[in-house]
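In what follows, a structure is listed as C-alpha cells, so that the remarks can point back to it.
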Amino acid sequence: QVRFVESGGGLVQPGGSLRLSCTVSGGVFSELFMLWYRQAPGQEREWVANINQDSTVRRYSDFVKDRFTISRDNTKNTIYLQMNSLKPEDTGVYYCQTPTATDWGQGTQVTVSS
C-alpha cells in the first residue's frame, strides 16, 4: 500500500513563498505518476499539478500556472511543490497522490494571510 507524508506548509503573507514536500513509501516511487491536490475550507478537493515518472512532463491547473513548480527526486522518494507569489485563495490543505493509491495522507496546511 502506497503511503504519503506531506510537509512544509505554514502561514505566509500574500506574495510569499513555500516549498511543500511529499515523501512516498510502499511503492516503487520511480514508477509512480504523481499529483498535488488541494482542498480549501468548505470546498471540494481540486487538482493542482502533476509530474510523470522521469519529470519530462509537468502540468498545472490554470490558477497556479507560472507561480507553482512541481518537481521530484527519485533518489529520495519525494515530490515537491515550490509555491511563489502566494495568494489568499491558495489557502487550503495540500495533498499528494498517485492514481493507483486508495488512501490519502494527512496533508499539509497552507494559509496565506496578512
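The values are calculated or read from the model by the stated rules, or taken from the named source; none is laboratory data. Please read all numbers here as calculations on a predicted model, not as lab measurements. Every residue, glycine among them, receives a Cβ derived from its backbone with ideal geometry; neighbour counts consider all protein chains shown. We work out accessible area using only protein heavy atoms, side chains counted, and drop any ligands, DNA or RNA first. Shrake-Rupley method; radii C 1.70, N 1.55, O 1.52, S 1.80 Å.
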Original post:
Is it fair to say N74 is over 12 Å from V110 (Cβ atoms), in contact with a helix residue (DSSP H, G or I) (Cβ under 8 Å, 6 or more places away or on another chain) and either open to solvent by less than 60 Å² (accessible area, probe 1.4 Å) or polar (S, T, N, Q) (or both)?
Top reply: yes
**OP:** Go through segment 81-114 and give me each residue that's open to solvent by 30 Å² or more (accessible area, probe 1.4 Å) and within 14 Å of R19 (Cβ to Cβ).
**Re:** Q82, N84, S85
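Give me a count of the residues in segment 1-56 that are in contact with a helix residue (DSSP H, G or I) (Cβ under 7 Å, 6 or more places away or on another chain) and more than 21 Å from T102 (Cβ to Cβ). Explain how you work it out, then say what you get.
Residues of segment 1-56 that are in contact with a helix residue (DSSP H, G or I) (Cβ under 7 Å, 6 or more places away or on another chain), as a first pass: 14, 53.
If we keep only those that are more than 21 Å from T102 (Cβ to Cβ) as well, we get 14.
Total meeting the criteria: 1.
In this structure, does T100 turn out to be touching a residue at least 60 places away in the same chain (Cβ under 8 Å) and in contact with a Phe, Trp or Tyr (Cβ under 8 Å, 6 or more places away or on another chain)?
Numbers: touching a residue at least 60 places away in the same chain (Cβ under 8 Å): yes; in contact with a Phe, Trp or Tyr (Cβ under 8 Å, 6 or more places away or on another chain): no.
Spelling it out, it is not the case that T100 is touching a residue at least 60 places away in the same chain (Cβ under 8 Å) and in contact with a Phe, Trp or Tyr (Cβ under 8 Å, 6 or more places away or on another chain).
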Subject >> Filtered residue count, segment 26-73, keeping only those that are under 18 Å from Q1 (Cα atoms) and in contact (Cβ under 8 Å) with a residue 12 or more places away in the chain >> reply: 9
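Could you please find all residues in segment 53-75 being part of a strand (DSSP E or B) and in contact with a strand residue (DSSP E or B) (Cβ under 6 Å, 6 or more places away or on another chain)? First the steps, then the outcome.
Initial filter on segment 53-75 (part of a strand (DSSP E or B)): 58-60, 68-73.
Once the filter is applied, which keeps residues that are part of a strand (DSSP E or B) and in contact with a strand residue (DSSP E or B) (Cβ under 6 Å, 6 or more places away or on another chain), segment 53-75 yields R58, R59, Y60, F68, T69, I70, S71, R72.
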